[in-house]
1. Suppose we filter A:277, A:267 for residues that are within 12 Å of chain B (Cβ to nearest Cβ), within 27 Å of residue A:11 (Cα to Cα) and open to solvent by 20 Å² or more (accessible area, probe 1.4 Å); which single one remains?
2. Write out, first by first residue and then by second, each pair whose Cβ atoms fall under 6 Å of each other, whose residues are 6+ apart or on separate chains, and whose first residue, in region B:1-20, is closer than 18 Å to residue B:259 by Cα while the second is of a type in the set (Lys, Arg) and surrounded by fewer than 19 Cβ atoms within 10 Å (Cβ to Cβ).
3. Considering only residues of region B:32-44 that are more than 18 Å from residue B:130 (Cα to Cα) and buried (at least 23 other Cβ atoms within 10 Å of the Cβ), which is nearest to the chain's Cα centre (by Cα)?
4. Suppose we filter A:62, A:47 for residues that are under 24 Å from residue A:266 (Cα atoms) and either crowded, with 21+ Cβ neighbours inside 10 Å or assigned by TED's automatic domain parsing to the domain that holds residue A:121 (or both); which single one remains?
5. Which one of B:247, B:185 is in contact with an Asp or Glu (Cβ under 8 Å, 6 or more places away or on another chain) and surrounded by fewer than 18 Cβ atoms within 10 Å (Cβ to Cβ)?
6. Which residues, taken from region A:282-318, are closer than 23 Å to residue A:108 by Cα, touching a residue at least 12 places away in the same chain (Cβ under 8 Å) and away from chain B (no Cβ under 12 Å)?
7. Exactly one of these conditions fails for residue B:88: (1) at pLDDT 95 or above; (2) in contact with a strand residue (DSSP E or B) (Cβ under 8 Å, 6 or more places away or on another chain); (3) of a type in the set (Gly, Ala, Ser). Give me its number.
8. Kindly indicate which of B:228, B:175 is open to solvent by 10 Å² or more (accessible area, probe 1.4 Å) and within 14 Å of chain A (Cβ to nearest Cβ).
There are 2 protein chains.
Amino acid sequence: MDKYNLLDCTLRDGGYINKWAYSDEAIIDIIRNLIDAGLDFLEVGYINPEGNVGNSTQFNSIERIEEYLPKDRKNCIFLAMADVQQFSIKSLTQHTGRSIEGIRIVFYKYQVKEALELAKAVKAMGYRLFMQPMVTIDYSIDEYAKLVQNIDKLNPDAVSIVDSFGYMLKEDFRRYFRVLDNLLGEEVIIGFHSHNNMNLAFITAQDILEYKTSRRLIIDSSLYGIGRGAGNLNTELIANYYNMTLGNKYNIKLILDLIGRHIMPIYKQRAWGYSPYLFITGLYHYHPNYAGYLLEEHSEVTVSQFLEFLKTIPEEMKTKCRKQYVLEKWNEFLGEKHI
Amino acid sequence: MDKYNLLDCTLRDGGYINKWAYSDEAIIDIIRNLIDAGLDFLEVGYINPEGNVGNSTQFNSIERIEEYLPKDRKNCIFLAMADVQQFSIKSLTQHTGRSIEGIRIVFYKYQVKEALELAKAVKAMGYRLFMQPMVTIDYSIDEYAKLVQNIDKLNPDAVSIVDSFGYMLKEDFRRYFRVLDNLLGEEVIIGFHSHNNMNLAFITAQDILEYKTSRRLIIDSSLYGIGRGAGNLNTELIANYYNMTLGNKYNIKLILDLIGRHIMPIYKQRAWGYSPYLFITGLYHYHPNYAGYLLEEHSEVTVSQFLEFLKTIPEEMKTKCRKQYVLEKWNEFLGEKHI
């Protein structure tokens, strides 16, 4: 198996842009062509008991995913994400080999206990276990070491460093990587999930391809970077960079054709990508939705106003972000300014 | 003097977006605030005898630039660009110390002779000499070595590696850097000018900050990356990365306020930034305007059509790109498809 692996998460993390409303045809076409393009892992969506039946990558059961997977999977491994907030152990069904191979468990720092319990159940049901602790940089190195030791006891298949808000420098990734590399069993894969709010995702990815380790590594990406805030690492960029520096492996033409067929139409409805507003959220460690939610309703907000506005958000709310709260705080901000 | 220097080229290279129609107020405000933000070099526009008088950074004389420069320049050094195609020696006037300090000469590979002649005159008139050979990667390493030796004889202040079309990997920059570092006098600065068509500019810049050399280095950037194709390296990104890794030097708040006041209004009129179409021009080494010109008139062109279309452009026309030619070839392409 190759040391460096790409995982495309278009259908899962890209869903934040189109509310996971991929048509059945699109899901099947994207999966088929990403297999043929040589992708190593595909994350096909969320498993969510409250999810949908058809034309959605919020799948209401693991079995439903079967319908979208082709018989010939080549070497591609299929995963779906379970969010501890919305997925509970009682919805977990036995691994059959006909649907996904593994489950990625995603959780915040305050959800570690629930995540570890779900992880045990995932293993017991025969799935490969992928652990995705969000906002990794929120853990001190000591806290992270403790978490990693607890995860390692469960014989996970992979643990990822997750830069949820897009402000981790390559130097930060290296720091957390050393903890994982020291503490995880030698067969455990290390993954990387990044965002582009400060245009750092591709830099991190290129740096990872120079890491000295005997482990397998997985880099997450999505087509044209579709995803929240400024989006994810772009599959076309990292796949092409891999081809240019490590030898031809991925079919860039198939990737570009998919972008043209399925992603550009979404982009034209609702664009993502780097902007100074998102840079500011990264710079001061705010959830990128502070920019997204505010500009959706108030596109007239200037860069300088946005800088001033963020200062009015209390520290404990910086990484929590609901739309109503953002708009309320904006009205408060305007009120104070105008008095 | 600091080893690593930032040069902002918003007023010069950003002008491709707004036809250099910066208002006099904007020019003065941008210059004033970039000085205060700590920028090391500013390229304020083109000197072009066919240029304008007022509200433009196509300055029709060197003397005219004086009007925009403040008395207190702090440590900032002012440059303007002379394109061998539009600027001739007879328009050159003596350095007085009241206008720009240096002239950047920009030229294609087929213009080396004229560039070297202009360079001699620039030195003779008392200016600092900055040499900017476009599409550096078009020179073989041997050709490049010869060029560099010829430039070195003129006692230049700086020579830049120029990734005009945005497809040089960091590995490519390192290769050309070694030639410069070996062949240039030890006082000569080495510069870097990159574009974002494959989202590589920031990666290159971060890599440069790790080069082992005793020379001074200059990295070009522009506010919000304003520039042709996917744009330039972003000043806010590289200035902030410098601050985070090498110590606090640049005032990011002033840079962001400038973006809000002067660059966002231009962006809202005509956006730049990464797109799959520009990625494709980079991938196959075409001028990015093949995407720009075509999509301006035919926004409906799909990614797959664009890929097919580019194959119809003869090799010798890949880096030459006039709008009329692009549109003619597109109509030809459509015709052939429909017959």
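The values are calculated or read from the model by the stated rules, or taken from the named source; none is laboratory data. Note that the coordinates shown come from a computational prediction; the quantities given were computed from them, not determined experimentally. So basically every Cβ, Gly included, is an ideal-geometry build from the backbone, and we count neighbours across all protein chains shown. We work out accessible area using only protein heavy atoms, side chains counted, and drop any ligands, DNA or RNA first. Shrake-Rupley method; radii C 1.70, N 1.55, O 1.52, S 1.80 Å.
1. On the way: A:277 fails: open to solvent by 20 Å² or more (accessible area, probe 1.4 Å).
None of the other options fit; the residue is A:267.
2. Filtered contacts from region B:1-20: B:17/B:270.
3. Residue satisfying both the conditions and the ranking: B:34.
4. One residue alone meets the criteria, A:47.
5. Of B:247, B:185, the one residue that is in contact with an Asp or Glu (Cβ under 8 Å, 6 or more places away or on another chain) and surrounded by fewer than 18 Cβ atoms within 10 Å (Cβ to Cβ) is B:185.
6. Hits for region A:282-318 are A:285, A:286, A:287, A:288, A:289, A:290, A:291, A:292, A:293, A:313, A:318.
7. Result: residue B:88 passes all but (1).
8. Details: B:228 fails: within 14 Å of chain A (Cβ to nearest Cβ).
The match here is B:175.
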